[in-house]
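Novice: Can you keep this structure in mind? I'll have questions shortly.
Readers should treat all values here as calculations from the given coordinates under stated rules, not as data from a laboratory. Predicted, not measured: the structure shown is a model, and the values here were computed from it. Glycine also receives a Cβ, built like all others from the backbone with ideal geometry; neighbour counts cover every protein chain displayed.
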Amino acid sequence: MRHLIFFLISFLSIYAQAQDAKTIRTIYDLALTQSEAYENLRVLCKEIGHRLSGSEGADSAVVWGQRILGKLELDTIYLQEITVPHWERGRKEKAYFYNEKGKNMLDVCALGGSISTGMNQFIKGDVLEVKSLDEVNNLPDSLVKGKIIFYNRPMDPKKISTFSAYGSCVDQRYSGAIEAAKKGAIAVVVRSMNVRQDDFPHTGSMAYKEEVDSIPAFAISTNGANYLSENVTKYDNLELNLKSFCKSYPDKISHNVIGEIKGSEFPDEYITVGGHLDSWDMGEGAHDDGAGVVQSIEVLHLLNLMNIKPKHSIRVVLFMNEENGNRGGKHYAERAAAKNEKHLMALESDRGGFSPRGFSVNGTEKQLNGIKKWVDLFEPYGIHEFKMGFAGVDINPLEDGKICLIGLSPDSQRYFDHHHSDNDVFEEVNKRELVLGAASMTSLIYLIDKYWTIDN
């Protein structure tokens, strides 16, 4: 009898896995032949463009999100009101210095949230090159005062994960102005967070402190950084001229855009999937994070094409204000907690529309091992990385020690070629790579919905 029971269990397990493999194959087939993600991304990028929080583009993106979700005939579509920061770059920034060759122009842009150099004014100062915040902190005030601090620590090319390389040097962009201002610097220039050599400056968030003077902050392209470094080494007291036109305005009202399919068995238990609707004001926000937005929407589209009726409620969230405040993600988590909502899992795509390689899991070992059981189902599609790691900025505020947070992990090698720069445009996204990511996300959600419980 015991042998018979074992046989039946084994048979049922094998049969279930075969059925799951067949379903996942169909998900990928539909994604590769009937996906709407690429066309949705084209419209978002080409008809709306960049969409920094507080901008007209962000407002238009909210309307677009409602319209696209409306086409899916979901059970519920609604807006979640939030207040967001409003910062504008203004006219194109300028930077130059003189040497024996004459005037040398540099490719720069203001960092997000920076103050300007003053109305139609240049800031002029000798350049002091450093490699880290610690180096600035260890310099005497007399050496820093009145200088333009040039942070020139590159992303480490030896790190296989470019996100790891980014994390090891982004502190100079975020906190560089604070530390330099403490010593009396008049401005900072930061090497762009980019692995390759090119002429694109990359913006991104930076910070000020109330008790520390605010000074203008710029990013410089990697080619520009190398050229500036060569001249700083060659010439004593090299004077740099900088001009920017940016300005901060009062906060504005904006929205998260949310759509739901109600669960057939557990309608009060949620699986959330999303990306952030906002982008920086350079390029079109194609990889960051238009790709994640349209992939998240595509999850619901593919489930509809499959006529899959989920047991749990599936909720897509198009978050606003990830780039310069994360107010959308924080507000979503606050509202979920206030309503005592039960989240089974949250999945985020915010690492570009490149070929999917796996998933990073912020959860328990039990949850990670539960996902690893499906490795054979994902292996035919090049999905092989299932490991603990950061899941995503927008869903991170949901963390409570119980919910499983998961991030889609695409190939990372090209992401920072485009991140926060003018070349983050629709043309740089490959259709097949984009929809393969959507299929991977849909497959994982299908499995979690089918097999997991709130106690996983």
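Novice: In the stretch 253-286, whose amide N lies under 20 Å from the spot 7 Å out along Cα-to-Cβ of Lys431? List them in ranges.
Specialist: Under cut-off, by backbone N: 286.
Novice: Please compute the modelled spin-label separation between Asp156 and Phe122, points set 7 Å along Cα→Cβ, answer in nm with one decimal.
Specialist: 3.9
Novice: Right, something else. Measure of size requested: the Rg and Dmax of the chain, with Cα atoms as the atom set and Å as the unit; please supply both.
Specialist: When restricted to Cα atoms, the chain yields Rg and Dmax of 24.0, 93 Å.
Novice: Now for a different question. Rg to Rh for the stretch 352-456: what is it, with Cα atoms only and Rh by Kirkwood?
Specialist: Details: Rg = 14.6 Å, Rh = 14.7 Å.
Taking Rg over the Kirkwood Rh, I get 0.99.
Novice: Compute the label zone of Ala338 within the stretch 59-87: residues whose backbone N is under 12 Å from the point 7 Å along Cα-to-Cβ.
Specialist: In the stretch 59-87, the label zone of Ala338 (backbone N under 12 Å from the point 7 Å along Cα→Cβ) covers 80-83.
Novice: What are the membrane-span-like helices in the chain by this rule: whole DSSP H runs, Cα extent along the axis at least 27 Å, mean Kyte-Doolittle hydropathy at least 0.0?
Specialist: 2-34, 431-451
Novice: Which aspartates and glutamates have a Cα lying under 14 Å from the Cα of Lys182, excluding residues fewer than 8 positions away in the same chain?
Specialist: Asp134, Glu135, Asp141, Glu210, Glu211, Asp213
Novice: Also, quick follow-up: Could you work out how much longer the chain between Asn138 and Ile253 gets when fully extended? Use 0.36 nm per residue separation minus the Cα distance between them, nm to one decimal. Can you show the working numbers first?
Specialist: On the way: separation 115, 0.36 × 115 = 41.40 nm, distance 4.26 nm.
Difference between extended and current length: 37.1 nm.
Novice: To check you understand DSSP bridge types, tell me what percent of the beta bridges within the stretch 90-245 (both residues inside) are antiparallel, rounded to 5.
Specialist: Antiparallel bridges: around 50 percent, rounded to the nearest 5.
Novice: Follow-up question, since we're still on this one. For the stretch 359-386 and the stretch 183-244, compute the distance between their C-alpha centroids and round to whole Å.
Specialist: 41
Novice: Calculate the all-directions average of the projected area of the stretch 1-151's alpha-carbon convex hull, and give it in nm².
Specialist: Taking the Cα atoms of the stretch 1-151, their convex hull projects to 21.1 nm² on average.
Novice: Follow-up. With only alpha-carbon pairs counted, each pair once and no self-pairs, how large is the Kirkwood hydrodynamic radius of the stretch 90-245 in angstroms?
Specialist: About 15.4 Å for the stretch 90-245.
Novice: Tell me which lysines have Cα within less than 20 Å of Lys243's Cα, excluding those fewer than 8 residues away on the same chain?
Specialist: Lys92, Lys94, Lys103, Lys124, Lys145, Lys147
Novice: Let me ask another. Determine the percent antiparallel among the DSSP beta bridges restricted to the chain, to the nearest 5.
Specialist: 50
Novice: Could you sort out which of Lys209/Lys247; Lys366/Lys387; Lys330/Lys402; Lys342/Lys387 sit more than 19 Å apart by Cα distance in this structure?
Specialist: Lys342/Lys387, as the Cα separations exceed 19 Å there.
Novice: Sort 326-334, 214-222, 283-291 by the packing proxy (mean of other Cβ within 10 Å over each peptide's residues), most packed first.
Specialist: My ranking of the peptides, most packed first, is 283-291, 214-222, 326-334.
Novice: In the stretch 325-456, what percentage of the DSSP-assigned beta bridges are antiparallel, given to the nearest 5?
Specialist: Numbers: 6 of 14 bridges.
Bridges in the stretch 325-456 are about 45 percent antiparallel.
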